[in-house]
Amino acid sequence: MHFLLLLSISGVASAEFIKCDGVIFRGVYFDKVPFVRNFYKPSNLFLHKFSGMLFFSNTVLNGTNITDFTITSCSVDSGRCTDVHGIPGGFAIGYDQGNDDVYLGGHDGIYKYNFVSRAAEFFGEEGKSIWSLFIRKNFYYIRYPEQKLYVYVDSAFVKVAEAYHFEVDIFYISRQNDIYIANKTALYKIEHPSYTSIFLADNFVVRQIVEDGFGDIYFCGNDGIYIEDKPAYGVKRVAKIDDAYGLVFDENDQVMFSDRDTIYRLKQSPYSNECFYALSSYDQNGANK
Ligand SMILES: *[C@@H]1O[C@H](CO)[C@@H](O)[C@H](O)[C@H]1NC(C)=O
Ligand SMILES: *[C@@H]1O[C@H](CO)[C@@H](O)[C@H](O)[C@H]1NC(C)=O
Ligand SMILES: *[C@@H]1O[C@H](CO)[C@@H](O)[C@H](O)[C@H]1NC(C)=O
């Protein structure tokens, strides 16, 4: 979206072109600055704070044909990116915060990232296709294509009994020990400590779940970013984004997100107020619905 705003700066009327093509996030307008471009569907964004490396999975294309998936890592300082070698069809990314280990999953099992060789080393579940990895206290993964949830118990991965009969596409446990599950039916919260399952939403596709430094839970959806609307059981959209794929908070708790082919950072804008009002009135006029 581009807007022409007429500004009066220090009493002198002057016309200026301002591009309000950023994002209103939680009621504040930010510029969106491309961090890296030309990656198809960058998903599963994860920032490893100690090394300053952003990891994400993306789709490898030949022309318009999908040929494979790969995991790429980029330095957040330089923006220089390399594909992680040693893992076929890399897609899933999980972080064991306690041991500072990054795990990666692909067509043929689970791998551990070696920060010295910058390659993936085989870890387990040979022959299994890994859709997603999640580590907090326990080590979980979701197997593709069945979308079944597994957990590591007594030196083996077993199906999670509570999720035996249904599919799980996205799995997240918050620092408060609440569990969030999204699948083709809906997004659910399984609340600690009662562990009752609560419906949250089914009006968008959840692509990633993350938590910020304050413990707020964010859902990256296909049409924007949502947060949990506490204490009511629901969600509310806090940013509108076309075809969002991934979301992460950087070392300063600033938002990074991806759309179909670019990963952006949100940056403070010198025209935050002007663009906020321009975009909000544009929205209210229904032009952007
Ligand atoms: C892309 O596809 C063409 C035609 O099928 C093939 O010749 C070429 O080697 C492919 N390129 C890559 C990088 O796979
Ligand atoms: C894409 O796939 C189609 C069907 O398999 C094939 O005919 C075409 O050559 C492929 N294109 C490229 C660039 O590989
Ligand atoms: C999604 O999960 C809910 C419960 O968490 C379950 O009732 C539903 O059957 C699941 N949907 C699919 C497609 O498995």
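How much accessible area per residue does the chain have, in Å², with a 1.4 Å probe?
In whole numbers, the chain has 52 Å² accessible per residue.
Tell me, what HN-Hα J-couplings in whole Hz come from the Karplus equation 6.51 cos²θ - 1.76 cosθ + 1.60 at θ = phi - 60° for each residue of the stretch 141-157, using x for Gly and Pro?
Couplings: 9, 10, 8, 9, x, 5, 6, 9, 8, 10, 9, 7, 9, 6, 6, 8, 8 Hz.
Which value, in debye to the nearest 20, gives the size of the charge dipole of the stretch 26-268 about its Cα centre, when Lys and Arg are +1 and Asp and Glu are -1 at the Cβ?
320
Can you give me the distance in nm between label points at TYR164 and SER280, each placed 7 Å from the Cα along the Cα-to-Cβ direction?
Reported label-point gap for TYR164 and SER280 is 5.2 nm.
Compute all pairwise cysteine Cβ distances in the chain, then list the cysteines with no distance under 4.7 Å to another cysteine.
Result for the chain is CYS220, no neighbouring Cys Cβ within the cutoff.
Accessible area of the stretch 26-268 with a 1.4 Å probe: how many percent of it is carbon plus sulfur?
It is 48 percent, rounded to a whole number.
Residue by residue, what Karplus-based ³J(HN,Hα) values in Hz, rounded to whole numbers, does the stretch 110-116 have, using 6.51, -1.76 and 1.60 with θ = phi - 60° and x for Gly and Pro?
Whole-Hz 3J(HN,Hα) from phi for the stretch 110-116: 10, 10, 10, 7, 9, 6, 7.
Using the Karplus equation 6.51 cos²θ - 1.76 cosθ + 1.60 (θ = phi - 60°), what ³J(HN,Hα) coupling, rounded to whole Hz, does each residue of the stretch 228-245 give in order, writing x for Gly and Pro?
Each residue of the stretch 228-245 in turn: 5, 9, 8, x, 5, 8, x, 9, 9, 7, 10, 7, 9, 9, 6, 6, 6, 10 Hz.
What residues have an amide H closer than 5 Å to that of TYR245, excluding those fewer than 5 places away on the same chain, when H is modeled at 1.01 Å from N in the peptide plane?
Counting only residues 5 or more places away or on other chains, the set is SER258, ASP259.
How large is the helix-only mean residue ellipticity at 222 nm for the chain, computed as the sum of -39500 (n - 2.57) over DSSP H runs with n ≥ 4, divided by its residue count, in deg cm²/dmol to the nearest 500?
That calculation yields -1500 deg cm²/dmol at 222 nm.
Find the centroid of the Cα atoms in the stretch 42-66 and in the stretch 160-200, then give the distance between the two in whole Å.
25
Using 7 Å Cα-to-Cβ label points, what is the ASP154/THR262 separation (nm, one decimal)?
Distance between label points: 5.3 nm.
Name the residue farthest towards the positive end of the dipole of the chain from the options GLY234, PHE166, GLN176, assuming +1 on Cβ of Lys and Arg, -1 on Cβ of Asp and Glu, about the Cα centre.
GLY234
The values are calculated or read from the model by the stated rules, or taken from the named source; none is laboratory data. The shown structure was predicted, so the numbers you read here are calculated from the model rather than taken from an experiment. Using ideal geometry, Cβ is built from the backbone for each residue, glycine included, and neighbour counts are taken over all protein chains shown. Areas reflect the complete protein model, heavy atoms only, side chains present, ligands, DNA and RNA absent. Shrake-Rupley method; radii C 1.70, N 1.55, O 1.52, S 1.80 Å.
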